[in-house]
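These notes concern the structure reproduced below.
The values are calculated or read from the model by the stated rules, or taken from the named source; none is laboratory data. Fair warning: this is a prediction, and the values are worked out from it, not measured in the lab. With ideal geometry, Cβ positions are generated from the backbone for all residues, glycine too; neighbour counts draw on all protein chains shown. Keep in mind that these areas ignore ligands, DNA and RNA; they rest on the heavy atoms of the full protein, side chains included. Shrake-Rupley method; radii C 1.70, N 1.55, O 1.52, S 1.80 Å.
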Amino acid sequence: MSLQIFDTLARKKRNFSPLEDGQIGIYVCGMTVYDRCHLGHGRVMVAFDAIVRYLRFRGFEVNYVRNITDVDDKIFERAAERKVPFTELTAEMITAMHQDEKYLGCQMPNLEPRATANIDSMIRLISRLIAQGAAYRGSSGDVYFRVRAFPSYGKLNNRRLEDMMEGARVAVAEDKENPADFVLWKTAKPGEEFWDSEFGAGRPGWHIECSAMSMDALGDTFDIHGGGPDLKFPHHENEIAQSEAATGCTFARYWMHAGAVRVNEEKMSKSLKNFVTLDALFKNFHPEVVRFFLLQSHYRSAISFSDDALVQAETAYTRLIQVLPDEATTPDSDTIFEFQELMDDDFNTPRVLALLFELASKNTEEAASSILAIGRVLGLFTSGKINFLSEQQALKAVNSELSDTAVNALVDARQKARAEHDFAAADKIRDDLTAQGIVLEDGAGGTSWHRK
RNA sequence: GGCGCGUUGGCAGAGUGGUUAUGCAGCGGAUUGCAAAUCCGUGGACAUCGGUUCGAUUCCGGUACGCGCCUCCA
């Protein structure tokens, strides 16, 4: 069975084979670091982390590159608002992003090139495009990519230039030859951040950084290019145009896009103000639960976020945690094979999680070992059973008005009442605790409790 | 206006031309002082109208509704 990947450009699943045997180069568009990451960013992080982990599990040597966009109008605006150098803002956001990512159980990319560190490379690429007639300087001094110079412009989005012009509803810069031409180099206005170049002082357009940095890191042609759903157009379309116009060869061989995160049937986004940041989410849910929640949907489909959905995921995930073995032993090879078949089919993580629950109901040590082994490949169960449960309880304790000490006192009082066969009093205490999210369990060795 | 996607049981969410998804919740039972947890069992679905077919939730076409992109956005 071969690995199948849904290629956005081909609009269908394709057999995957890398450019070089056993090696995969993958570039994922990362964050623009002007604000905290929200669940939508988390989804892309987790999706590609799981994919990369699986590809490695399958024996590939994966070179995972994800850029950091630290040159951008929003960054300059936000820094100005805060009256700090933009580098201070980006440094803070990068640290926060790495923290969020670590909590989500993601492994770091092999390389995280930053736009500010690769301006020279972008300038070289722009010069090359100008020399080839694929770019020009407008009267404003801005440098634009000439979409007419790239006949297959629109191929990723199945879009024709004419159709786009009909729908154009954005004020078009006067000095563009074609409304669809996009900026490669933006001339600096007084007071703005700038870098010197042969096209004058200014800064790079958004799209050029990914072409320059991906090709620097992985070569003119590389295996997989991925990103969030809203990058398909115009960002990735423009990357293809720039890169292929410059090199004359295929840019990325497979294009992968994650689905959107929705809130009440709408896309989670900054402009709708319906986003929830990861760090806010982590105040109520263990990061592993968030990761599990994300993996419950296929990476390409839209996922609906709600508090209730997270609670469901928490219950489900905690059940899997409970059946984990204390020590890892050898998993069942047939089960691992089944796992591989599911993942080979365009990374069907929801089906894999279903498999995990089927294993859980088998109640055997071997099945439990398989759950652990498979979960680990997807980046789950990273804290370990004991740590997860205690961290989860600690999280709930912080959000509760009842301290552990107070609960223990009430539990003792109830035990006393039970010993005296005053069940009415005992049940009253238990009901009150239940109302506050405390679940009591009377076992052979006494009463234990946990927060729900 | 252009391009594309979706519509599955109370909720979440896979998949298949004829046979159980799975999870959460519900219900019944075992267990318990009563519960909880656990275990066992169980009902419930494929938007709509046509077509192809021996047979369609699954393929094709129409309709309705919803969503995304066409502008910065993961």
When only residues in the range A:432-452 that are under 20 Å from residue A:394 (Cβ atoms) and not aliphatic (A, V, I, L, M) count, which is most open to solvent (accessible area, probe 1.4 Å)?
A:452
Name the single residue, out of those in the range A:1-43 being part of a strand (DSSP E or B) and of a type in the set (Ser, Thr, Tyr), that is farthest from residue A:251 (Cα to Cα).
A:32
Could you identify the single residue in A:156, A:129, A:161 that is in contact with a helix residue (DSSP H, G or I) (Cβ under 8 Å, 6 or more places away or on another chain), within 27 Å of residue A:242 (Cα to Cα), aliphatic (A, V, I, L, M) and open to solvent by 10 Å² or more (accessible area, probe 1.4 Å)?
A:161
Say whether the condition of being in a helix (DSSP H, G or I) and in contact with a strand residue (DSSP E or B) (Cβ under 9 Å, 6 or more places away or on another chain) is met by at least one residue in the range A:197-206.
yes
Can you find a residue that is more than 11 Å from RNA strand B (Cβ to nearest atom), over 30 Å from residue A:44 (Cβ atoms) and assigned to a helix (DSSP H, G or I) anywhere in the range A:340-362?
no
What residue, among those in the range A:403-431 that are touching a strand residue (DSSP E or B) at 6+ places or on another chain (Cβ under 7 Å) and open to solvent by less than 50 Å² (accessible area, probe 1.4 Å), is farthest from residue A:285 (Cα to Cα)?
A:411
Report yes if residue A:199 is closer than 30 Å to residue A:390 by Cβ and either of a type in the set (A, V, I, L, M, F, W, C) or near RNA strand B (Cβ under 8 Å from one of its atoms) (or both), otherwise no.
no
Can we say residue A:46 is within 15 Å of RNA strand B (Cβ to nearest atom), open to solvent by less than 10 Å² (accessible area, probe 1.4 Å) and of a type outside the set (Asp, Glu)?
yes
Residue set A:96, A:149, A:79; condition open to solvent by 30 Å² or more (accessible area, probe 1.4 Å) and among the aliphatic types (A, V, I, L, M); output residue A:149
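Yes or no, residue by residue, for (1) assigned to a loop (DSSP other than H, G, I, E, B); (2) touching a residue at least 12 places away in the same chain (Cβ under 8 Å); (3) outside the structural domain of residue A:337 (by TED's automatic domain parsing):
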{"site": "A:370", "(1), (2), (3)": "no, yes, no"}
{"site": "A:410", "(1), (2), (3)": "no, yes, yes"}
{"site": "A:421", "(1), (2), (3)": "yes, no, yes"}
{"site": "A:433", "(1), (2), (3)": "no, yes, yes"}
{"site": "A:447", "(1), (2), (3)": "no, yes, yes"}
